[in-house]
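S.K.: Please read through the structure below; I'll follow up with questions.
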Amino acid sequence: MPRLSFSFPISGEAVFFAHYDVLAQRPGQTGSASSSLLAGQLAEYYYLQNSSTITVTNPSLRPERTIDYEVGFKQKLNDFMALSISAFYREMRDLIQLTNFTDAYPTSYSTYSNIDFSTVKGFTFALNMIRMRNLRMSASYTLQFASGTGSSFSSSRNALNAVDGFSAIRALLPLDFDQRHRISGNIDYRFYGDDNKGPAINIGEKTFYPLSNAGANLTFYFGSGTPYSVNSLANSADVQSGINQNIQLSGTPNGSRLPGQLRFDGKVDKDFLIGGKAKLDAEGNAVDDGKGNTVKSKQFAFNVYLQVLNLLNTKNVLNVYKTSGLPLDDGYLNTGVGQQAVNAAINGDAFAYLYSLRMQNPGNYSLPRRIRLGVQISF
């Protein structure tokens with residue numbers, strides 16, 4: 001598993017860089033599979049013919065591997081700004097996926113194999129500006145394409161169960177984390193240093209700098225929607241007992257996209273320094289350490305901050321019901337079967353109201369605005 005990285009200057013104002021990494025991990029260390037997939041138990045095989053699930057674990061799974069390439073260059077634009085452009089290609093091999101073994105002995109069964117693979121490729125453009133007196137900024141844009149044969153170890157379970165004779169799905173499809181566009185940036189403005197203390201306030205013979213070592217920071221993020229699969233039938237088995245319709249795919253797997261996400265985070269903070277003063281002897285003179293350096297007391301820094309997450313209180317959609325494509329309505333009540341359920345209820349209006357209330361899942365949205373007041377101590 002070699003990991004190579006190098007960079008060298010093209011000119012006095014440009015640098016070329018590249019890296020090649022091979023990484024491996026045990027099956028089950030990430031969200032691609034559960035660690036229980038490795039735990040082979042003899043009881044699974046002895047009672048395989050009488051098992052209700054007929055899905056067994058595989059203790060001989062190979063490690064999952066990731067091969068990562070990246071090349072790019074960084075160009076100086078002026079004395080305080082630089083542009084970085086890079087291209088990356090990431091290939092995941094030996095990923096785990098469900099596999100069917102039809103007409104096996106003593107019965108057909110399913111297990112997990114290292115047959116999945118996926119690729120992630122794209123470009124990243126980054127613009128960085130070093131601090132000019134008070135201001136520092138950075139921004140980046142990433143264009144990404146992520147596709148593979150499966151987003152998780154059980155992503156093909158429904159398709160394999162619906163089609164007899166298929167052992168594995170080998171079609172390349174968009175992965176669940178395939179986010180085509182991603183833009184992020186940061187703006188930081190602060191007063192620091194002896195020559196940049198901010199506005200002064202004179203009170204008598206003393207001068208105060210209330211904004212010294214204080215600043216404000218704004219972070220923004222925009223990401224295009226990730227893919228999801230659309231179902232042609234609403235499945236409300238988890239809402240009303242007795243209704244258990246088969247989920248039927250509409251179009252292609254991961255053929256639709258969620259809405260994009262936009263988020264702003266803000267932070268205002270100020271440092272208060274305590275200590276760090278020269279120690280004095282009994283006569284009021286600074287104590288010397290014998291090497292010409294003045295002995296100072298230990299310094300403590302208190303950073304008091306006010307942080308606001310999701311500054312604009314944006315309701316970003318994280319998940320939708322796969323039939324309607326909406327975060328608060330699965331479309332069941334608008335179907336013929338849903339209307340029959342409403343008509344058959346003792347109180348149709350109450351049934352429709354309670355069903356709609358059940359669909360109000362706050363987990364389909366991002367967290368609302370949060371305000372944090374805190375103190376960080378450095379010593």
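S.K.: Roll a 1.4 Å probe over the protein chains and send me the accessible area per residue for region 49-154 in Å².
M.R.: Result: 51 Å² of accessible area for each residue.
S.K.: Using the heavy atoms of the protein chains and a 1.4 angstrom probe, tell me the accessible area per residue for region 313-379 in square angstrom.
M.R.: 67
S.K.: Would you mind computing, in nm to one decimal, how far apart the modelled labels at TYR189 and LEU172 are, each placed 7 Å from Cα along Cα→Cβ?
M.R.: Those two pseudo-labels are separated by 4.7 nm.
S.K.: Averaged per residue, what accessible surface does region 191-230 expose to a 1.4 Å probe, in Å²?
M.R.: 60
S.K.: For ILE274, ILE85, give the ranking by accessible area with the largest first, probe 1.4 Å.
M.R.: Of ILE274, ILE85, the descending order of accessible area is ILE274, ILE85.
S.K.: Ignoring ligands and nucleic acids, what accessible area does ARG3 show with a 1.4 Å probe (Å², nearest 10)?
M.R.: Result for ARG3: roughly 150 Å² accessible.
S.K.: Right, something else. Whenever you get a sec, line up ARG369, ARG131 from highest to lowest accessible area (probe 1.4 Å, protein heavy atoms).
M.R.: ARG369, ARG131
S.K.: Can you give the accessible area of VAL268 in Å² (nearest 10), computed on protein heavy atoms with a 1.4 Å probe?
M.R.: Ignoring ligands and nucleic acids, VAL268 comes out at about 80 Å².
The values are calculated or read from the model by the stated rules, or taken from the named source; none is laboratory data. Please read these numbers as outputs of a predicted model, since none were measured by experiment. Every residue, glycine among them, receives a Cβ derived from its backbone with ideal geometry; neighbour counts consider all protein chains shown. Note: accessible area is taken over every heavy atom of the protein model, side chains too, but ligands, DNA and RNA are not part of it. Shrake-Rupley method; radii C 1.70, N 1.55, O 1.52, S 1.80 Å.
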